[in-house]
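The following block contains the structure, expressed as structure tokens.
The values are calculated or read from the model by the stated rules, or taken from the named source; none is laboratory data. Being a predicted model, the structure only gives us computed values, none of them experimental. Cβ sites come from the backbone with ideal geometry, for glycine too, and all protein chains shown count toward neighbours.
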Amino acid sequence: MLLLQLTIANVKMIVRNRQALFWAMAFPLVMVVIFGLIAQDRVSTTTIAVVDYAQDDISRQLIQNLAEVESFDVDVRQDEAVARDEIADDDLNFLIIIPRDLTSKANRTPPVEVALIYDETTQTSGVILSAVSRFLDQMNLEIAGAPTRLVLAPEGILIEEFSFIDFLLPGIAVWGIMSFSVIGVATSIANYREKKILRRILATPLKVRTFFFALVLAYLGMALIQASLILSVGGLVYGVPITGNFLVIGLFILLGNLVFLNLGFIVGAYSKSVQAASGLGNLVVLPMVMFSGVFFPPDALPGVLTSVVQFLPLAPMVEAVRGATLEAKGFSDFPLEIGIMALWIALTSLVAVKVFRFQ
Amino acid sequence: MSEPVDEVISVESLNKRFGDLVAVDDISFSVRRGEVFGILGPNGAGKTTTLECIEGLQEPSSGRISVLGTEVARDPNTVKERIGVQLQASAYFDYLTLTEILELFGRFYSRRVPPAELLSTVGLEDKANTTVGKLSGGQQQRFTIAATLVNDPEVVFLDEPTAGLDPQARRNLWDFVQSINSQGRTIVLTTHYMEEAEFLCDRVAIMDQGRIVTLDTPTNLVRSLPVPYEVRASTLNEFSSNGLADLDCVTEVLDDQNRGFRLRCSDAASTMPALMDWVAKNDIKLTHLEVTPANLEDVFLSLTGRALRD
């Protein structure tokens, strides 16, 4: 079958262009790895240094209680002066000093002071302060021998909370697909025209639209491969919860990518050379990547910009692919997004046909 | 269609305008089956436009073209099925091998020739799995010629097939063009090299500024010139050119320097004996003598008053 043969030939050409393939496949993966590392850094534990002058049961109990908290990392120190210097130099955020006469004076007034030294600008200081004071209250009660009358029964409801890398992964996949499709098609068209390949095809009985259709099919196939690769790496290496239906994710990707392929045709038609096509393609791609929700939700932008950006073709695609991937959302959850993408497909198809008829 | 069987292309009153520019200005000619037909002219004469109108790549502003009995404007695809086209300075896909490109292009036609056979026609069988980018200029040109043959065409169009090639590669390509012609295919080519037209073409149409200024076999075109020969001589001693212009059939003495002369004559066979007598009578010692027949360059010059290449 001619269309199939043409599509296969196009896939061969895409795959043999190693440099373009790197930007399509490896570069997004590199981005995933880099952002994966950054994201892991953000959930690091808080180090609390403790200088224990008491060295008795109560002080040990306090240290153990602190150490049991998952996000605390207790570091027992001997030298108070060094620890204070570290606080001053911002190398350490929290320092607890337990006085020598903790047990002997515990039952008398005035109460014994356990010092907590911290940098007031540290964001997590509130959490630490309340945690430490809760432990002290608890120990006060124990020392006083008061029976425990009221207990907090914590009932945590698991709200699905996505990490930065979870949020980022679908965006990076869509970004990779978009730049590959826009720039790949644009440079191919410019190259074919520069080398008179399109004209050569016009001299055969083949319809040029069949040739273009095969190019589109090849790039749609590549988009699915790109998405599978990037999402798999995110899921397997970084544990991104990919809960969605692959068919739905795939269809959102194909739908959105049709817009980008059309944009590629338009850019290619207007570019006089391959270099120009690559430059113009980047000019189309980069602003969308910056503002369309790949790195942060578009509502984080100033108001006017948000309302403009959400109508660009990338924003609804990122939104839909992210929802479908992480939250198993379906077509009915994104009527607006599908509508915007459909409008873009119609609009860009018309423009693409028009510029090519003109050529 | 009631075309005469030996006429494969007929062009009648072809006009092609681009806005105010008249690229092709009311030309008519026909091409016979089996011949190599050349369109010779300087850059911008309208050669490529004429060819592309015949190939169905451009729509004529007016006029009627039929190829192999089919009117191009009415049924371009039937024509495209039966012709092979090489475009001027065209290339092929970067990332496909020669075999893959020929296979792919073959699929565009209902009739196709196996790639291996095409490559051996132009001596590129050992490059079957190479990409076009790795071929030399001459090999690339040969490949584009092989690619015109994928559908076993009856008529092959070659637009400036040897442009940019060195003399040896050009000679080499001429051999392939002749061998394709000897397979019974009609060939229409454009060129601005008069040697190429003289060597390859059975008939030549000379184009200038969108018009065909003359059309005939290369020999007839040269013979039609009033002064088809030029005689050039160098002498050992100084001499007087008295009487030189009066020799048999001499039409013009171009320059007489101290130690040589150049003249034009209408018939070298009559002029030469007379010239030898004159040389002996005036006691002139010749150190060099040459007689050159005029060429298509001179035909072009005499018809347009300008040189073929600027």
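Residue by residue, here is whether (1) within 13 Å of the chain's Cα centre (by Cα); (2) over 27 Å from A:ILE165 (Cβ atoms); (3) at pLDDT 90 or above; (4) outside the structural domain of A:ILE128 (by TED's automatic domain parsing) holds:
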residue	(1), (2), (3), (4)
A:ALA9	no, yes, yes, yes
A:MET13	no, yes, yes, yes
A:TRP23	no, no, no, yes
A:PHE27	no, no, no, yes
A:VAL33	yes, no, no, yes
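A quick yes/no check of all residues on (1) farther than 21 Å from B:GLN86 by Cα; (2) within 14 Å of another protein chain (Cβ to nearest Cβ):
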residue	(1), (2)
A:ILE165	yes, no
A:PRO170	yes, no
A:THR187	yes, yes
A:ILE197	no, yes
A:LEU202	no, yes
A:LEU206	no, yes
A:ALA223	yes, no
A:LEU236	yes, no
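Pairs, please: C-beta under 8 Å, at least 6 apart or cross-chain, first residue under 23 Å from B:GLY69 (Cβ atoms) and in the stretch B:9-36, second among the aliphatic types (A, V, I, L, M) and surrounded by fewer than 16 Cβ atoms within 10 Å (Cβ to Cβ)?
Final answer for the pair search is B:ARG33/B:VAL5.
Residues checked against (1) surrounded by fewer than 16 Cβ atoms within 10 Å (Cβ to Cβ); (2) of a type in the set (A, V, I, L, M); (3) within 30 Å of B:PRO153 (Cα to Cα):
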position: A:LEU206; (1), (2), (3): no, yes, yes
position: A:LEU215; (1), (2), (3): no, yes, yes
position: A:LEU220; (1), (2), (3): no, yes, no
position: A:ALA223; (1), (2), (3): no, yes, no
position: A:ALA227; (1), (2), (3): no, yes, no
position: A:LEU231; (1), (2), (3): no, yes, no
position: A:GLY234; (1), (2), (3): no, no, no
position: A:TYR238; (1), (2), (3): no, no, no
position: A:THR243; (1), (2), (3): yes, no, no
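Which residues, taken from the stretch B:79-123, are more than 9 Å from chain A (Cβ to nearest Cβ), surrounded by fewer than 19 Cβ atoms within 10 Å (Cβ to Cβ) and assigned to a loop (DSSP other than H, G, I, E, B)?
B:ARG111, B:ARG112, B:VAL113, B:PRO114, B:GLY123
Sticking with this structure for a sec: Is it true that some residue in the stretch B:216-235 is surrounded by fewer than 18 Cβ atoms within 10 Å (Cβ to Cβ) and touching a Pro at 6+ places or on another chain (Cβ under 8 Å)?
For the stretch B:216-235, residues surrounded by fewer than 18 Cβ atoms within 10 Å (Cβ to Cβ) and touching a Pro at 6+ places or on another chain (Cβ under 8 Å): absent.
Considering the stretch A:14-28 alone, what residues qualify as being in contact (Cβ under 8 Å) with a residue 12 or more places away in the chain and more than 16 Å from A:VAL174 (Cα to Cα)?
A:ILE14, A:ALA20
If we only count helices (runs of 4 or more DSSP H) wholly inside the stretch A:1-75, which ones have 2 or more residues that are away from chain B (no Cβ under 11 Å) and surrounded by 12 or more Cβ atoms within 10 Å (Cβ to Cβ)?
Per the criteria, A:27-42, A:57-68.
State whether one or more residues within the stretch B:21-37 are within 12 Å of chain A (Cβ to nearest Cβ), in a loop (DSSP other than H, G, I, E, B) and either surrounded by fewer than 24 Cβ atoms within 10 Å (Cβ to Cβ) or modelled with pLDDT of 95 or more (or both).
No: the stretch B:21-37 contains no residue that is within 12 Å of chain A (Cβ to nearest Cβ), in a loop (DSSP other than H, G, I, E, B) and either surrounded by fewer than 24 Cβ atoms within 10 Å (Cβ to Cβ) or modelled with pLDDT of 95 or more (or both).
Follow-up. Read through the list (1) more than 24 Å from A:ARG357 (Cβ to Cβ); (2) more than 9 Å from every other protein chain (Cβ to nearest Cβ), then give the number of the only condition that B:ARG74 fails.
Only one criterion in (1) more than 24 Å from A:ARG357 (Cβ to Cβ); (2) more than 9 Å from every other protein chain (Cβ to nearest Cβ) is unmet by B:ARG74, namely (1).
This table checks each residue for (1) in contact (Cβ under 8 Å) with a residue 12 or more places away in the chain; (2) surrounded by fewer than 16 Cβ atoms within 10 Å (Cβ to Cβ).
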residue	(1), (2)
B:ASN151	yes, no
B:LEU165	yes, no
B:ARG171	no, yes
B:VAL177	yes, no
B:ILE180	yes, no
B:THR190	yes, no
B:ILE206	yes, no
B:ILE212	yes, no
B:GLU238	yes, yes
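Which of the residues that make up the stretch A:208-221 are within 13 Å of another protein chain (Cβ to nearest Cβ), more than 34 Å from the chain's Cα centre (by Cα) and of a type outside the set (Val, Ile, Thr)?
A:PHE211
Do you know which of the residues in the stretch B:57-67 that are more than 19 Å from B:PRO161 (Cα to Cα) and within 14 Å of chain A (Cβ to nearest Cβ) is surrounded by the fewest Cβ atoms within 10 Å (Cβ to Cβ)?
Top of the filtered list is B:GLU59.
While we're looking at this one, here's another question. Can you spot a residue in the stretch B:88-111 that is in the same structural domain as B:ASP152 (by TED's automatic domain parsing), in contact with a Lys or Arg (Cβ under 6 Å, 6 or more places away or on another chain) and without any contact (Cβ under 8 Å) to a residue 40 or more places away in the chain?
yes
For the stretch A:51-89, name all the residues that are hydroxyl-bearing (Ser, Thr, Tyr) and in contact with a Lys or Arg (Cβ under 6 Å, 6 or more places away or on another chain).
Of everything in the stretch A:51-89, just one residue is hydroxyl-bearing (Ser, Thr, Tyr) and in contact with a Lys or Arg (Cβ under 6 Å, 6 or more places away or on another chain), namely A:TYR53.
Quick check: anything in the stretch B:280-297 more than 30 Å from B:ASP175 (Cα to Cα), basic (Lys, Arg) and surrounded by 13 or more Cβ atoms within 10 Å (Cβ to Cβ)?
No, the conditions are met nowhere in the stretch B:280-297.
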